[in-house]
Structures are given as structure tokens and as C-alpha cells.
Amino acid sequence: MDKISVIVSCFNEEKALPLFYKEMEKQIKNFQNVEFEYIFVDDGSSDNTLKIMKDLHQKDSKVRYISFSRNFGKESAMYAGLEASTGDFVTLMDADLQDPPALLKEMYDYIKNDGFDIVGTRRVTRKGEPPIRSFFARMFYKIINKMSKVQMVDGARDYMLMTRQATNSLLELKEYNRYSKGLFSFIGYKVKWLEYENIERVAGETKWSFWKLFKYAIEGITAFSTTPLIFSSVLGILFCIISFLLIIIIIGKTLIYGDPTSGWPSLVCIIFMVSGIQLFSLGIIGQYLSKTYLEVKKRPVYIVRETSENPK
Ligand code: UDP
Ligand code: MG
């Protein structure tokens, strides 16, 4: 008999979680000869999410939970869930039903019958999202796929079903700065993509502001590409060449026409521009340095306050 571990990361999902559980229980009935296990990860919620998890655990022995000591972010929550999972297959889902549990049967069949290792999902529309956000999201995928060897799929969600083997590969990537979309494509394997239209969340609110998404995008780029570092070298060389040419021109002009003092405004502009570029390059290097700094500290990805195996 196969076992599927359902990992759900929850941050203030008291409204959505009961609805999610109900819907999942309905979907489970479509499976024959498959055992299920839920791993609910409470990512430092400040509402009643943990209490709901505990109640579900009391009622249903399939339910396990892990509760963090504070909010560590969805990436950490997913990692904790993967570590705790015991199933032959593992699926990652959001609590807000934006990842339709109804797809799970199809995903499972692809792995069982067609020899895939991972079945991922991507949304083909971004309905219900502010247009400006969709625009930046598209730009981001264009840029990162140019810069990185690991290809990221536009609209790919974290919702996926994978084999134990793929799960273990993912767990071997122990980095502190976890950009999961990149990690998933890094491990490779045979991946089948299922497409669906964007669905709006059933209850509660999105936890992603534009600023948070922007920082996440920078995270993705620095985690999977070192191309920005080349920018500074290229710009540096370019400016050396330009200044060399300018020096020759100026010497020539001075020799021919003498040396009247002028050109103060243009000088200021050049100083501003060049120092701007220097600061920009320094910023890029700083980004990588800070990531390295956090990485060498080897801090844990998450800290557990209590679990269903070890309740408080
Ligand atoms: N989430 C989390 N920790 C966080 C932020 C979000 O575990 O710090 C969970 C959240 O509870 C939800 C999932 O990640 O189950 C996706 O979050 P959300 O729906 O806010 O993102 P969106 O679907 O809008 O991209
Ligand atoms: Mg959502």
C-alpha cells in the first residue's frame, strides 16, 4: 500500500485550514489502496491556527503537526514538512485551496502509470491579480532564465507531488537561503507539468506584499545566478575604455587649442554617474556577500516549539 504525505504550510490560516481539511477528506475517497498522512506546519501563526491543528490531530490520527517558535517563512515550513514526511509520495500544498486538491488523483496517476518522478503545477492565467504585479512577475522570469542555468517555469506553483527519491534529493540541499522554485528545478528528474487557471483563495488574505515579492525575486536571482557579478566587471572595463579615449581626445585638444578652463558641469555629471555605478556594483557584491555570510553561520532553517509527537 502506498502512502502519500500531504504537507501544508500555514501562517495565520484559521479560516482556511478547516475548509482545506474538509475538501481533502473528500478527495481522499477517490484513492484506492493509498494511505494518507497530513503534516500541518504552523509557521508562527498568531491566530488560532495551531489550536485547529491540535483539534484535527485529536480527531484524526492521520494528522500530524509541527509548530515553529516564530514565523520562519514558507520555504522553511516546507522544508520542515519534507523532513518530517514518511510517505512514499509527498505533496506540498497551500492551505487556502489555491492548489486544488482535486488535481491530486491525476498527479498520482502520472507518477504511477507514466513513470514521472515529479508532477508540478503551473497557473496559465493570473486572473484576480493586479496587472502591474503580473507584469513584473513576467519580467522576473525572463530575466532570471537568461541569467541562470537552472530554468524556472513561469507561473509554477509550489504545489506538486513527488516520489520519495526526489524528496530525499530536495532534502540534501541544506542551504539556508531557500528559493524553492530554483531548488525544485535544480534537482531535475522527469517532471510533468499540469496547467490550471488561477483560483482565488477561499478565506483569509495573501501574505505577499509587492515589496516582499520584490525581495523574494532578488533572493531568487542571487541564489541561482552569479551573472550580476559579471555586470560590474563589464561596466568597469567599459568605463576604462571610455576614459582612455577621452584622455587621448583631451590631450589632443589641449595641444592644438591650448587649455582654457571649462567643463565643470560635465565633470560633475560624470562624477555622479561613475560613483552611482560604483555604488550599484558594490550593492550587487554586497548581496552575494550577505548571502554567503548567512550561509556560513549555519543557522537552522527553522526552530520547532512543539509537534504532535511532542505536544505542550
Ligand atoms: N505561508 C507560510 N509562511 C509565511 C507566508 C505564507 O507558511 O510566512 C503559507 C500560507 O499560510 C499559505 C501559503 O504559504 O498556505 C501561501 O501563502 P499565500 O496564499 O499568502 O501566498 P499566495 O498564494 O498569495 O502567493
Ligand atoms: Mg495563496
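The values are calculated or read from the model by the stated rules, or taken from the named source; none is laboratory data. The shown structure was predicted, so the numbers you read here are calculated from the model rather than taken from an experiment. As a convention, Cβ positions derive from the backbone with ideal geometry for all residues, glycine included, and neighbour counts pool all protein chains shown. Surface areas here come from the heavy atoms of the whole protein model, side chains and all, with no ligands, DNA or RNA. Shrake-Rupley method; radii C 1.70, N 1.55, O 1.52, S 1.80 Å.
Expressed per residue, the C-alpha convex hull volume of segment 74-141 stands at 137 Å³. You can think of it this way: the chain between N198 and L229 has 7.6 nm of extra reach, that is 0.36 nm per residue less the Cα-Cα gap. Straight-line reach from K149: taking Cα to Cα under 16 Å and skipping same-chain neighbours fewer than 8 places apart, the lysines in range are K181. Residues whose amide H comes within less than 5 Å of that of V41, counting only those at least five positions distant or on another chain, are V8, S9, C10, I66 (H built at 1.01 Å from N in the peptide plane). Between the helical axis of 264-296 and the dominant principal axis of the chain, each derived from Cα atoms, what acute angle in degrees is found, rounded to the nearest 10? It works out to around 30 degrees. Taking the Cβ of S134 as the centre, find all other residues whose Cβ is under 10 Å away and add up their charges (Lys, Arg: +1; Asp, Glu: -1). Its environment carries a net charge of +3. With everything on Cα atoms, drop me the angle between helix 74-84 and the longest principal axis of the chain, reported from 0 to 90° to the nearest 10. So the helix axis and the longest Cα principal axis differ by about 40 degrees.
Between E35 and K22, the contour length at 0.36 nm per residue exceeds the Cα-Cα span by 3.0 nm.
Just the protein heavy atoms count here, and of the accessible area of the chain at 1.4 Å, carbon and sulfur take up 62 percent. Excluding ligands, DNA and RNA, the accessible surface per residue across the chain is 56 Å² with a 1.4 Å probe. Taking 7 Å steps out from each Cα toward its Cβ at D60 and F214 produces label points 4.0 nm apart. Quote the FRET efficiency, to the nearest 0.05, computed for Y189 versus T86 with a Förster distance R0 of 22 Å and r equal to the Cβ-Cβ distance. So, using R0 = 22 Å, E works out to roughly 0.60. Simple point charges give the picture: +1 on the Cβ of Lys and Arg, -1 on the Cβ of Asp and Glu, and for segment 122-254 a dipole about the Cα centre of about 140 debye. Short-range pairs are left out: with C-alpha atoms under 8 Å and at least six residues apart, the relative contact order of the chain is 22 percent. Converting phi to 3J(HN,Hα) with the Karplus coefficients 6.51, -1.76 and 1.60 and the offset θ = phi - 60°, segment 132-139 yields 5, 5, 4, 4, 5, 4, 4, 4 Hz in sequence order, with x at every glycine or proline. When both bridge partners sit in the chain, DSSP labels roughly 30% of those beta bridges antiparallel.
Taking a straight line from the alpha carbon of K142, these aspartates and glutamates sit under 13 Å away, with near neighbours fewer than eight places off in the same chain left out: D154.
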